[in-house]
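Worksheet: the structure to be examined is printed underneath.
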Amino acid sequence: MTTMTIHADDVFAEALRVHARKSGKSINQTVKDLLAPVLGLVKKKRSGDADNPFMKFCGVLPKGSAADLNRAVADQRRIDSEMWK
C-alpha cells in the first residue's frame, strides 16, 4: 500500500470533510470512492440501476426453485375471461 499526499486549499478540504461526514466514511475512503470510477477501477452500473429499488433482488432466486415459484403463481397468471366481457 502506498501513502499519498495531496495539497488542497481550505475550501476543497472542508468540502471533502463534509462529503465524508455525510457519507459516514473516512476522508481516505471518500477520496478512493470518488477517484475509482474516474480511473476505471469500478464496473459502471447500467443506466437506471441506481434508481431501481428492485435491483438488489435480481438474481437471488435459489437454483431449482423456479419451478416451485411458477407453481405458486400459476393461478395468478390465469385470465378470467368472464371478467373481461
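Values as computed for the structure displayed
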{"quantity": "Test for Lys25: is it at pLDDT below 85, of a type in the set (D, E, K, R) and assigned to a loop (DSSP other than H, G, I, E, B)", "calculated": "no"}
{"quantity": "Residues being surrounded by 12 or more Cβ atoms within 10 Å (Cβ to Cβ) and under 19 Å from the mean Cα position of the chain (by Cα) - total across the range 1-22", "calculated": "2"}
{"quantity": "Flag if Lys43 is part of a loop (DSSP other than H, G, I, E, B), exposed (fewer than 10 other Cβ atoms within 10 Å of the Cβ) and without any contact (Cβ under 8 Å) to a residue 24 or more places away in the chain", "calculated": "yes"}
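Condition check ((1) modelled with pLDDT of 85 or more; (2) among the aromatic types (Phe, Trp, Tyr); (3) in contact with a Ser or Thr (Cβ under 9 Å, 6 or more places away or on another chain)) across all residues:
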| site | (1), (2), (3) |
| --- | --- |
| Ala15 | yes, no, no |
| His19 | yes, no, yes |
| Leu41 | yes, no, no |
| Asn52 | no, no, no |
| Gly59 | no, no, no |
| Ala67 | yes, no, no |
| Arg77 | yes, no, no |
| Lys85 | no, no, no |
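The values are calculated or read from the model by the stated rules, or taken from the named source; none is laboratory data. Treat the numbers as computed from the prediction; the structure is a model and nothing was measured. When we count neighbours, we look across all protein chains shown, and the Cβ atoms used for this are built from the backbone with ideal geometry, even at glycine.
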